[in-house]
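Worksheet: one structure, shown below.
The values are calculated or read from the model by the stated rules, or taken from the named source; none is laboratory data. Remember, predicted model here, so these are calculated numbers, not experimental data. Reconstructed Cβ throughout: ideal geometry from the backbone, glycine too, with neighbour counts over all protein chains shown. For the accessible areas, the whole protein counts, side chains as well, though only heavy atoms, and no ligand, DNA or RNA atoms are used. Shrake-Rupley method; radii C 1.70, N 1.55, O 1.52, S 1.80 Å.
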Amino acid sequence: MDARSVALLEFPAVRERLAERTSFPPSRRLAEALVPSADPVLVVRALDETDQARQLLQERPGVGIGAAHDIEPWVGRAVRGGRLDPQQFLEIAETLDAAARLATSLADERRPLLRDVGRRVHPLPALRSTLGRSFDPVGELLDTASPRLGPLRVAVRVAYDRLRRRLDSLVGSELGGALQEPIVTLRNGRYVVPIRAEARSRVKGIVHDASGSGQTLFVEPLVVVELGNAWREAQSAVEEEEGRILDELSALVGANATLLRETLDALAQFDFWAAKAQLAAELDGVRPELADRTEVVLLSARHPGLTGHVVPIDVRLGDGYTALVITGPNTGGKTVTLRTLGLLALMHQAGLHVPAATGSRLPVFRDVFADIGDEQSIAQSLSTFSGHLRSIVRIVEHAGPGTLVLLDELGAGTDPTEGSALAQALLDHFIRSQALVAATTHYAELKVYAHETPAARNASVEFDLETLTPTYRLTIGLPGGSQAFAIAERLGLPEPIVADARGRLTDNQQAFEATLASIRRQEGEIAGAAERARIAEAKAAEGLRAADEERRRARRERDEAVRAAREEAERLVDGLREDVAGLRRRLERETVTAPAIDALLARAEGTLERLPEPRRAERREPATPRTWRLGERARSRSGGWEGRIAALEKGGTRATLEAGGMRVSVAVADLEPAVGGPGTGDGVPDRSSGRGPGSGRADAGSGIGALQLSRARTVASSLDLRGARVDEALDALSRYLDDASLAGLEQVTIVHGLGTGALRDAVRAQAGSHPLVRSFRAGERGEGGDGATIVRL
């Protein structure tokens, strides 16, 4: 990856944020060394690491490396034969404790990368145990560190006690007149007493020190010299044993150096992955889908360096166009858009989740190039234009397929005519080289270029003229304006000056800006309508969900009631069977009296009365056929359709109901009087029942939708008329086409066979004149051939 572009796109800042989330120096070094990769295999592996660590921390937030330390220097010293001090041993012990906890947490891990890390963590229980019995929590050697250390320390204490008791005796009585002060002190590792200089001859002993004035001599009395020697010898023995123990433990650490280093690497790797997972959670990031071609789709993308209320943007590039020209006012977010696009691409290729919405898609770029910011340099005698151009020259040399190029204020810093021409030539070059390119500009010529070039698109950042603040929203498909005149007016520039400036624009420029403004207004209205439609759709979906839940609840209650009734019935019937079986057994053994039989029958009748009442389908009493008249209101029992009888056909066996501009043919036997009666016309709601035209059943409230649903459940996609007479077949065909249309079928098959061709011709003649039929044709091979007619409704 181009190092200069990586720095310009602020990837080091993201890397520093990642490093701050690590727990100890080895994992911090991994974070600080993180760079984007152009190898798809490595990118996928790094993203898998972040995924699996994030899943683990969501399931078990407490998993981590605890109080692990960077023990590599101590392991290296032990390998070279050096002696470690107690504090270094304590850090090794704490690191092994952390390793043991992590190994336990990852022991049953199902995610392969985490499972592999767990296998490379070696708690080294023997070394842990040895260090645990050798040092206390503050790093002091314990008496249990070796068999000799405890007794040697006891000997030191005994020798010390003897020495102090003898010295206390001398100070208390024997040397009282010669002492400067009645105390015992230490000089050069020997216990002494302060003797006045003039009384030196009264005390036999060794002078170890004198006061600055010479008035006091610090003397070790001869009577305690041997006791002091014994104490010093005991101390030397303890120091020698402690040194031997430290050397032995250092050698043990050196012998386990390979496993300790592998464990340290595994701890660092896990902590690095955990830091990536924490950063992803803080950014509310997602893993983008890996695009199989050079295409960018970023949904609700946010720059990770922005704080406060961040307006997300949608960026699309590579699907039908490879160049994006972004225009709009200053501070409107054009440069932030470039930085967001480039930085998220780098984060993705570094194995980090990106702050965007699910559905975002990114490829693995071969390289990412950026020219953003002011390249002016006094030291190198470079103007802004020259500085940008030097950077662009370098990009032109390396850009090609699989690269992303980001150019800020393309062509700026020089004559506008020449600058815009140069910018167009550069965009053409990058398009031909098959690189993806996004550029910001204020040049109107580039807006026209993006509009007229098939491989380019305009994009704009929006600006609120009421508040003089940018909205930071990115709109692809429309160029933006600099809004210079509007901003000048809002800031108080005199109107004549602004009007004069507007008048200096060409007619084409004014028409162009007016058209853009009109399109933006229309887009705003469309966006508002789309949002209202989305809200309505969400409410409808919620209503459907609630209705579905209610249906499931009613079905559960019904099933539970049926199950309970069945169980009760089975229990009662089993009781009856047992009574009958008992009576049969008695008959085999003895004569049963009439009272016994009567008692059994009475129990059986009582049991039968307690049986649950079976659910019976509603049976309608045969009604006396009714004579229907035109204009009467009726309702279909099976379909739920309600309307006015507009026609009676086929000798009164079928009627046409009309309501709401739709006609439906139903069987007369399926009709019942509507509540409104014949005086109620089409479209007049029934106030007493709360039903209107097409409201459907009184108890269900269904209408056209319910009727269509009913038909869709029962109407087949084909009708077989073979063997029927022509008049019967045409009657059936008419009813079937009505039902198929209500069911929403787009195409049906009428099977009539070949025969003499009379039935076929009659079917096709009726289909050709039927108002619900769009077209018809003979069946093809595999559809029945000429023995079938395919009808499109």
Stretched fully, the stretch from Ala565 through Ile487 gains (0.36 nm per residue minus C-alpha distance, one decimal, in nm) 20.2 nm
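Shape call for the stretch 71-172 from the C-alpha gyration tensor, a ≥ b ≥ c root eigenvalues: rounded (a/c under 1.5), prolate (a/b greater than b/c) or oblate?
It comes out prolate by the Cα gyration axes.
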So, R0 is 56 Å and r is the distance between the beta-carbons of Ser173 and Gln87; what FRET efficiency does that work out to, to 0.05? 0.80
With each pseudo-label sitting 7 Å past Cα toward Cβ, what's the Arg626-Leu576 distance in nm, one decimal? 4.1 nm
Under-5 Å amide H pairs with Gln747, H placed in peptide plane, nonlocal only: Leu793
Rounded, prolate or oblate (a/c below 1.5 giving rounded, otherwise prolate when a/b exceeds b/c) for the stretch 169-208 by Cα gyration tensor: oblate
Over the stretch 722-787, what is the mean sequence separation of C-alpha contacts under 8 Å (at least six apart), divided by residue count, expressed as relative contact order in percent? 34 percent
Given a 1.4 Å probe and the protein chains all in place, what does the accessible area of Glu557 round to, in Å² to the nearest 10? 100 Å²
Between Asn188 and Val44, what FRET efficiency follows from the Cβ-Cβ distance if R0 is 51 Å, with the result rounded to 0.05? 0.15
In sequence order, what are the phi-derived ³J(HN,Hα) couplings for the stretch 115-124 according to the Karplus relation 6.51 cos²θ - 1.76 cosθ + 1.60 with θ = phi - 60°, rounded to whole Hz, with x for glycine and proline? 4, 5, 4, x, 6, 8, 9, 10, x, 6
How long is the gain from Leu772 to Glu226 if the chain were fully straight, where each residue apart is worth 0.36 nm and the alpha carbon distance is subtracted? 183.8 nm
If you rank Lys204, Lys276 by how much accessible surface each has, with a 1.4 Å probe, what is the order from largest down? Lys204, Lys276
Report, by chain and number, residues whose modeled amide H sits under 5 Å from the one on Val192, excluding near sequence neighbours (fewer than 5 apart, same chain). Thr185, Leu186, Arg187
For Lys539, give me every one of the aspartates and glutamates with a C-alpha distance below 20 angstrom, ignoring sequence neighbours fewer than eight places off in its own chain. Glu531, Asp548, Glu549, Glu550
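Computed FRET efficiency, Cβ-Cβ of Asp319 and Glu746, R0 30 Å: what is it to the nearest 0.05?
Numbers: r = 31 Å, r/R0 = 1.05.
According to the calculation, E is roughly 0.45.
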May I ask you to compute the full-extension gain from Arg556 to Arg202, defined as 0.36 nm times their residue separation minus their alpha-carbon distance, rounded to one decimal in nm? 116.3 nm
Over the stretch 54-178, what is the relative contact order in percent, taking alpha-carbon pairs closer than 8 angstrom and at least six residues apart? 19 percent
Sticking with the crude label model, points 7 Å out along Cα→Cβ, report the distance from Arg394 to Leu544 in nm, one decimal please. 5.6 nm
In order over the stretch 223-232: 3J(HN,Hα) from phi, Karplus 6.51/-1.76/1.60, θ = phi - 60°, whole Hz, x for each Gly or Pro, gives 5, 10, 4, 5, 5, x, 4, 4, 5, 5
Cα-projected label distance for Asn330 with Arg293, points at 7 Å along beta-carbon direction, nm: 4.1 nm
In whole percent, what relative contact order does the stretch 151-215 give with Cα contacts below 8 Å and a gap of six or more residues? 22 percent
Leaving out same-chain residues fewer than 8 places away, which aspartates and glutamates sit with a Cα under 15 Å from that of Lys276? Glu16, Glu20, Glu32, Asp48, Glu49, Asp51, Asp284
Where a ≥ b ≥ c are root eigenvalues of the Cα gyration tensor, a/c under 1.5 meaning rounded, otherwise prolate if a/b exceeds b/c and oblate otherwise, the stretch 22-96 counts as oblate
Residue-wise, which Karplus ³J(HN,Hα) couplings in Hz belong to the stretch 198-203, taking 6.51 cos²θ - 1.76 cosθ + 1.60, θ = phi - 60°, and x for glycine or proline? 6, 9, 4, 5, 7, 10
Kindly report, to the nearest 10 Å², the accessible surface of Ser37 as traced by a 1.4 Å probe over protein heavy atoms only. 30 Å²
